[in-house]
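Working notes, beginning with the structure itself.
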Amino acid sequence: MTADTEPDRLAAAALPPLDAAEAGKLRRARIDRIARWALPAVVMIATIAGWQWYVDAYQVPHYILPGPDRVVAALLQDWPTLWPALLVTLQITLGALVIATIGGVGLAVLFAQSKWVEMSFFPYAVILQVTPVIVIAPLIFIYVPSKIVGLLICAWIVAFFPILSNTTLGLNSADHNLRNLFQLYGASRWQTLWHLRLPSALPYFLGGLKIAGGLSLIGAIVAEFVAGTGGLGSGLAFKILEASYRLNIPRMFAAIVLISLTGIVIFASLSILSHLMLRRWHESAIKRDG
Amino acid sequence: MTLASSPLAGEAAGTVVSLQNVSKTFSNATVALKDMSLSIRQGEFVSLLGPSGCGKSTALRIVAGLSSPSAGRLVWPGERPGQKDHDISFVFQEPTLMPWATVFANVHLPLKLKGESARVARDRVMEALEMVGLEGFAESYPRELSGGMKMRVSIARALVTKPKLLLMDEPFAALDEITRFRLNNDLLRLWEEFGWTVVFVTHSVFESVYLSNRIVIMAARPGRVVADLDVDAPYPRGEEFRTSHLYSDHCRRASDALQAAMAGEAPDA
Ligand SMILES: Nc1ncnc2c1ncn2[C@@H]1O[C@H](COP(=O)(O)OP(=O)(O)OP(=O)(O)O)[C@@H](O)[C@H]1O
Ligand SMILES: [Mg+2]
C-alpha cells in the first residue's frame, strides 16, 4: 500500500501533470508568440517581393513606380541628405510632443481644479482640435516669424488634444469611495490631486500620449509641407516636396519609408513606456491566466 | 426591547457621537432619513440593521461627515466645538484600495495625509498589517490579493490611525460565507482587544447578532429607527455561539423586529 503510493506522491511533489486543455493552452501561447512577429514579417516580405516582381515583369518606369531595390538604393545613396532632414523632423515631433504633454496635462489639471474653468475653455480646445491644422498653418507662419516655432505650434495643436481630453477624463474618474476616504482623512486639494487623481489619470494619460505621439509626427510633417521653404534645417516633408519637383520618385519613397519607421518607433517606445509604468497594477498591462 | 430616540441620550456620559433628530432629504426629494436619533456609546459594537434603502449608509455618511444633515444635529460630546477632525475611520463595502499602490502604501495613506512619512509611520503600518495577519504582504499590490485579503487591507487602513470610532458599511457583504465568518471573528478579536467603538451596517440578521452588543433596527420610507435591541451574550463569541440557543433566540428577536418594521412600511415599498 505504502510502496504503491510513493511514486505518485513524488510525482505530485515535483509537478503535477498538465491536463490536455492546459497543455493546449501552453502550446497555443507559444505559437501565438512566434506568429505575432512571423506573420507580419511574412506579409511584408511577400508584399515587397510582389512589388519587385510587378515592377520587373511589367517594366514599370522607375519615375512612376520604382522597385524596392531602387528605394533601398536611394535610401543608402541619399542618406547624407535624408539623415539631417530626419533629425529636423524628429526634433519638431519630439519637441511638440513634450509641449503637448506639458500643455495637455497642465490644462487638464487646471480644468480639474474648477468646473467653471473647464466649462469656459474646453469648447475652445475642441474647436482647435476639429479645425484642420492645414488651414491654420499658413496663418501661423504669417504671424510667427520663426519657422521652427511655427512648426512646433502646428504640431502642438494637433497633438495636445488627446492628452488633454484623456487626462481630464482620467482626473475625473478617480474612485468615488477613495475620494470620500481622502475627504474623511482631511486631505487637501493638492494631496487629493497628487495622491489620488493623478495616479487614477495615469492610464488615461498614457493612452492619450500614444495617440499624441503619432499625431505630433503628422502635425510636424503637415506643417512642413505648408511652410515649404527649403534651405538649411528643412525636414523630411520638404525632401519629399523637393524630390517630387525633380520627379525623383525613389527618393520620395525613401523619405516616406523613413517617416513611417519614425512613426512606428515613436508608437513602440510610447507603448513600452506605458507598459512599464502600468505593469504592476493596471488591468491593461496584466497578463490574464485563462 | 427599548424604543429608541430619547433626545437627551446625547448628553449621557460616555457618548461618542449622537444624532439628534436628524433628517436628510436629497435634492431629488427622496427622504432618506426622518427625525432619526441615535447615541453611540463608548466601546459599543452597534449594528445598523434594516431593509435596503432605509438610510443606513446615509446615516453612516452623516456621522462620518461625508454628508450633512438637512435638519437636526450631530453632536460629539467629548470634543471641543468646531473641531473638524473626528478621529473616525470608514470601511466601505468594497475594499476601495488604490490599485497603483502597494499594500503598505495603502495602509499608510491615512497617516501620509496627516503628514507622516513612510519612515516615521513604518512601525504603525506594520502593526496594523499584523493585526489583520498580512504582515507578509506589505509589498504586494492589491490585484495580487484575494477578495478577503483586500478587505483585511481595508480594515488595516482603518485601524492604522487608532480611531475612536470605526464606521463600517456592509464591509463583508461581497465576500463568501467562509471568508465572512473568518473576518467576523478577526474583527471581534480586535474589537475586544482594543476596545474601539464600532458602528456596523449590515443587512444580515445573523451577522448583526453574532457581532454586536446592540442592534439598531431601521425602517424605510422614510428612514428611521424603529427598534433598539441589546444582545446580552458574553464575549468572546466563537463558533459555539453560532450554534447556541442564545444565538438563535436573539436572531429570532431581531428578525421579528425587522419583520415588524417592514410590515409597517408604506405599501409601495
Ligand atoms: N446621493 C443620493 N441622491 C439621492 N438619493 C439618494 C442618494 N443616496 C441615497 N439616496 C436614497 O436614499 C435612500 C437611502 O439610501 P441609503 O443608501 O442610505 O440606503 P441603505 O439603507 O444604505 O441601503 P442598502 O442596504 O441598499 O445599502 C434610498 O432611497 C436611496 O435611493
Ligand atoms: Mg448602503
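Being part of a loop (DSSP other than H, G, I, E, B) and at pLDDT below 90: is that true of B:GLY133 here?
Taking the combined requirement at face value, the residue satisfies it.
Does segment B:52-79 hold any residues that are within 16 Å of ligand 2 (Cβ to nearest atom) and open to solvent by 30 Å² or more (accessible area, probe 1.4 Å), and which are they?
B:SER52, B:GLY53, B:SER57, B:ARG61
For segment B:43-51, indicate whether the set of residues that are touching a residue at least 60 places away in the same chain (Cβ under 8 Å), near ligand 2 (Cβ under 10 Å from one of its atoms), open to solvent by 10 Å² or more (accessible area, probe 1.4 Å) and over 14 Å from the mean Cα position of the chain (by Cα) is non-empty.
no
Please specify each residue of segment B:218-250 satisfying the condition of being within 16 Å of ligand 1 (Cβ to nearest atom) and either hydrophobic (A, V, I, L, M, F, W, C) or over 20 Å from B:VAL31 (Cβ atoms) (or both).
Correct list: B:MET218, B:ALA219, B:ALA220, B:VAL225, B:VAL226, B:ALA227.
Tell me, which helices (runs of 4 or more DSSP H) wholly within segment B:197-265 include 2 or more residues that are outside the structural domain of B:THR179 (by TED's automatic domain parsing), within 16 Å of ligand 2 (Cβ to nearest atom) and in contact with a helix residue (DSSP H, G or I) (Cβ under 9 Å, 6 or more places away or on another chain)?
Those helices (runs of 4 or more DSSP H) do not exist here; none qualify.
For (1) surrounded by fewer than 19 Cβ atoms within 10 Å (Cβ to Cβ); (2) part of a helix (DSSP H, G or I); (3) within 16 Å of ligand 1 (Cβ to nearest atom), each residue gets a yes or a no:
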site	(1), (2), (3)
B:SER140	yes, no, no
B:ARG143	yes, yes, no
B:LYS150	no, yes, no
B:VAL153	no, yes, no
B:LYS162	yes, no, no
B:LEU166	no, no, no
B:THR179	yes, yes, no
B:ASN185	yes, yes, no
B:GLU192	yes, yes, no
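Do the conditions hold for B:GLU79, that is, is it within 21 Å of the chain's Cα centre (by Cα) and farther than 17 Å from B:ALA158 by Cα?
Spelling it out, B:GLU79 is indeed within 21 Å of the chain's Cα centre (by Cα) and farther than 17 Å from B:ALA158 by Cα.
Looking only at helices (runs of 4 or more DSSP H) that lie completely in segment A:84-173, which have at least 3 residues being exposed (fewer than 14 other Cβ atoms within 10 Å of the Cβ)?
Ranges flagged: A:115-130, A:133-143.
Contact list please: Cβ distance under 8 Å, first residue in segment B:86-106 and facing another protein chain (nearest Cβ under 7 Å), second residue open to solvent by less than 10 Å² (accessible area, probe 1.4 Å) and among the hydroxyl-bearing types (Ser, Thr, Tyr), pairs at least six apart or on different chains.
Between residues of segment B:86-106 that are facing another protein chain (nearest Cβ under 7 Å) and residues that are open to solvent by less than 10 Å² (accessible area, probe 1.4 Å) and among the hydroxyl-bearing types (Ser, Thr, Tyr), the close pairs are B:PHE92/B:SER154; B:THR96/B:SER154.
Can we say B:GLY10 is touching a Leu at 6+ places or on another chain (Cβ under 6 Å), among the small types (Gly, Ala, Ser) and either within 16 Å of ligand 2 (Cβ to nearest atom) or modelled with pLDDT under 85 (or both)?
no
Which residue is farthest from B:ARG152 (Cα to Cα), if the candidates are limited to segment B:190-206 and must be in contact with a Ser or Thr (Cβ under 7 Å, 6 or more places away or on another chain) and among the aliphatic types (A, V, I, L, M)?
B:VAL205
When you go through (1) over 21 Å from the mean Cα position of the chain (by Cα); (2) surrounded by fewer than 22 Cβ atoms within 10 Å (Cβ to Cβ) one by one for B:GLU94, which number turns out not to apply?
Just one mismatch for B:GLU94, condition (1).
From the residues in segment A:184-197 that are under 18 Å from B:THR102 (Cα atoms) and more than 10 Å from chain B (Cβ to nearest Cβ), which one is nearest to the chain's Cα centre (by Cα)?
Ranking the candidates gives A:ARG197 first.
Assess whether A:LEU181 counts as being touching a Leu at 6+ places or on another chain (Cβ under 9 Å), free of Cβ contacts under 8 Å to residues at least 12 places away in the same chain, within 13 Å of chain B (Cβ to nearest Cβ) and not in a loop (DSSP other than H, G, I, E, B).
So A:LEU181 passes the test.
The values are calculated or read from the model by the stated rules, or taken from the named source; none is laboratory data. Every value quoted in this text rests on a predicted model; they were computed, and no experiment measured them. Quick reminder, even Gly has a Cβ in these numbers, built from the backbone with ideal geometry, and neighbours come from all protein chains shown. Surface areas here come from the heavy atoms of the whole protein model, side chains and all, with no ligands, DNA or RNA. Shrake-Rupley method; radii C 1.70, N 1.55, O 1.52, S 1.80 Å.
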